[in-house]
Structures are given as C-alpha cells and as structure tokens.
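Participant: One structure coming up, written as structure tokens, with questions to follow.
Here, each number is a calculation from the coordinates, and none is a lab measurement. All figures in this text were calculated on a predicted structure; none of them were measured in a lab. Here the Cβ positions follow ideal geometry from the backbone for every residue, glycine too, while neighbour counts run over all protein chains shown.
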Amino acid sequence: MIPIAKPMIGAEEKEAVFQVLDSGMLASGEIVRQFENEFAAYLNAEHCIAASSGTTALEVALRALGIGPGDKVLTTPFSFIASTNSIIYTGATPVFAEIDEQTFNLDPDKLESALAADPSIKALLIVHLFGQACDMDRVMALVKKYKLLLIEDCAQAHGSLWKGRKVGTFGDAGCFSFYPTKNMTTGEGGAVVTNNAETAEACRLLINHGMAVRYHHDRIGYNYRLTNMAAAIGRCQLKKLDGFNQARRENAAYFTEHLNHSNVIAPVINPDAWSNFHQYTIRVLNGKRDALADLLSKKGIGYGIFYPLTIPEQKCFEQFNFQTSWGISDKVKEQVLSLPIHPALSEADRREIVETINQFEI
Ligand SMILES: Cc1ncc(COP(=O)(O)O)c(C=O)c1O
C-alpha cells in the first residue's frame, strides 16, 4: 500500500519528545517559545504565536484583527472547511468568490468583481491551496485598492514562495497547520505569523484565556495553546522542512514528466509561484475520476479527493443560504484527484503510480 500521506518522524523527534517528558514541563513553555522564534525566522516574519491547530490559528488571527459580527470576509468556496469555519466562529459572514480552474486558487478577477459589488467587505481570507501561492501581486493590489485586511491560510503552504518571498508574510496575518499530513507536523498544532506587534499581542492573549499577567484576564480568550511536546517535534521538523519540500518537488517533477494520459491534466503552477507540493492534484476529465480512483485503490495506491463538495454546499451551512452553485468549483470538485507525493515515496512507488495511471483504460 502506498499511502496518500506519511508523517516523517525520525529519531530526533522521538529524542526531543523524551527530553520534554523528562523535564516535566509538558504544557506551553520554553520549547514553544523556541519553536515560535525559529518558525518566525524561517519565514522572515517578526512574530509567531503557536496555537493548538491551524483552525484555532485562523480564528485567533481573525479575532485579533477585530473581525466579528457584522463583518464580511471574502474567501474561497474550494478549500478545507476550516478556512470558512474560522470566519463563522467569529460571528462574521463569509462571502465567496470563484476560483481559477488551472491553479484552484481564488481568481483575482472574480475577487475584484465581488469587491466592486460589495464595498462593505472588510477582509480577504485567501488559501494557498495544495501549496501553490495565490497571485500575490494581484491580491496585494486589491488589498490596497479596497483597503482590506488580509489573512493568508497557509495550512498547506509551509515554505511556499511568491516571487521568492515566503507566503504568510504578505498579509496582516498568516496561519499555518501542523497536522500530521502537512509538509511538517507537530501532531496537532498551528501558528499565526505577523509583522504587526499589536496583532501578535492580541493573538498571544487570545490563545491563553486573555491572560498577560497570571489570573488577570484582560479579554475573553481560549485555551488554544500548543504543548512543549508538540513544539519539540516541530523544532525538529522545521529543520527538515526544506528537504521535505525538495523531495516533494522532485516527486512532482517526475509525475509531470512521465504522466501521459489524454484524460489527465497535471497540476499547473504559476511561474511566479514556488509550490511546496503539499498535494499533487491532477484533473481527470470526461467523468473518469472515480473510475481512476477505484483502479488506484485496487492497486494499493492511496489517493485523496480534496474536495468532493464546495464549502458553501456543505450540509452544516444550510442555514446560511450561501450560493451553492459555482461553475468552476463545481466542475473541478468532480475532476480532482490527489496522488501520493510525500517524501517517503520510493523510485518504485513513483513508477507504479505513473504506470497505473498511464495504463488506465478509458
Ligand atoms: C486549507 C486549510 N485550512 C485550515 C486547515 C486547518 O488546520 P488544522 O487541521 O490544523 O486545524 C487545514 C488543515 O487541514 C487546511 O488544509
């Protein structure tokens, strides 16, 4: 069986966790601070606040930026649900714009039409989906023109670049996930990065019950802290991240070079974007996606369908009466198929994946 994802945990991570266990300081402490400093330095960001997940990082970032009831946040209908859920948690209203068919990221032209149609939109929450940066030239121009707050969901984009600059550092806040399937993991975990000291301070309060001085609670907050055990894993993983990303990119290059099937479109990466290839997502045309998925299953090759439904059509959002019909997102959700791309793939795994797809009879 070739799994769709595989956390890369080595002896260093195990040793680091044992050290924390031996120290007796299990909850958030010095190791979390070190991880935050190192992650900020890696991204070239001024502040990093570790959180318990990517989802809580997003929620905290939105709240720290003052997003709440009555505010509208423009986002993508084609992502993991957490990007929209975080908006809903704050009491704000998500507004959706269509994606680009090639990159699966928000289409800047559609963003512009949505912003022109509704001047009350206060913030933009973009997702660098599957590891590919959104078109940050266009996004930043819109942010400036419409005076928007910008939150980057980088849950899938650790180390990804736009014109050489790491994503997560363009907006008012960048939010990361360290879930085990991500390019680096802490088990569960997340982080907000920002270059704004006030935003950082607000995030720090929010993840820790609004408490700057012990048992003095300045605002209502949460327990969204990361543990020292998780941070110890994260510190080891961060040292390996560039290597992991490089291995993913080599696997991606191999697939793109060797996949050759009339019904399969390889991922399209904008030349200005350097993808960490969190996912290698092909499009399977002519309604053949599920048949190909079945074949992969039979051959013991894992795959992912990210995502089978758009966010606005999810059952849990029925009450919101979102627009549920999306031309491109609806088309793409029927076509996408993500292949194993993780660093543990062997030469033989890669060959088997390519041969299985190339021999797929339509
Ligand atoms: C695009 C996106 N946003 C947010 C999240 C939420 O991260 P987490 O699972 O760590 O809460 C994820 C992770 O699955 C994601 O893929």
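Participant: Starting from one equal scatterer on each C-alpha and no solvent at all, send me the Debye-based log10 I(q)/I(0) for the stretch 264-329 at q = 0.23, 0.28 Å⁻¹, two decimals.
Facilitator: -1.08, -1.20
Participant: List the lysines whose Cα lies under 28 Å from the Cα of K239, skipping any in the same chain that are fewer than 8 positions away.
Facilitator: Here the lysines satisfying the reach criterion relative to K239 are K6, K14, K163, K166, K182.
Participant: Could I ask something else about it? Once the Cα atoms of the stretch 241-358 are picked out, what are the Rg and Dmax in Å?
Facilitator: Final numbers for Rg and Dmax: 15.7, 49 Å.
Participant: For the stretch 1-119, what mean projected area does the convex hull of the alpha carbons give, in nm²? Before the final figure, lay out the partial values.
Facilitator: Details: hull surface 45.7 nm².
Seen from a random direction, the Cα hull of the stretch 1-119 projects 11.4 nm² on average.
Participant: Going down the list K299/K331; K72/K333; K110/K147, which pairs span over 21 Å between their C-alpha atoms? Display every interim value, and only then the final one.
Facilitator: Values: K299/K331 27 Å; K72/K333 25 Å; K110/K147 17 Å.
Listed pairs above 21 Å: K299/K331; K72/K333.
Participant: In addition: Using a 10 Å cut-off around each Cβ, can you sort C203, C316, C175 from fewest to most neighbouring Cβ atoms?
Facilitator: Values: C203 30, C316 11, C175 33.
Least crowded to most crowded, the residues run C316, C203, C175.
Participant: Let me make sure I get this right: for the chain, a, b and c are the square roots of the gyration tensor eigenvalues over alpha carbons, sorted descending. Under 1.5 in a/c it's rounded, otherwise prolate if a/b > b/c, else oblate. Which is it?
Facilitator: Numbers: a/c = 1.92, a/b = 1.19, b/c = 1.61.
Note, shape of the chain comes out oblate.
Participant: Near K144, which aspartates and glutamates are there with a Cα under 13 Å away, not counting those fewer than 8 places off in the same chain?
Facilitator: Counting by Cα, and skipping residues close in sequence, K144 has these aspartates and glutamates nearby: E112, D172.
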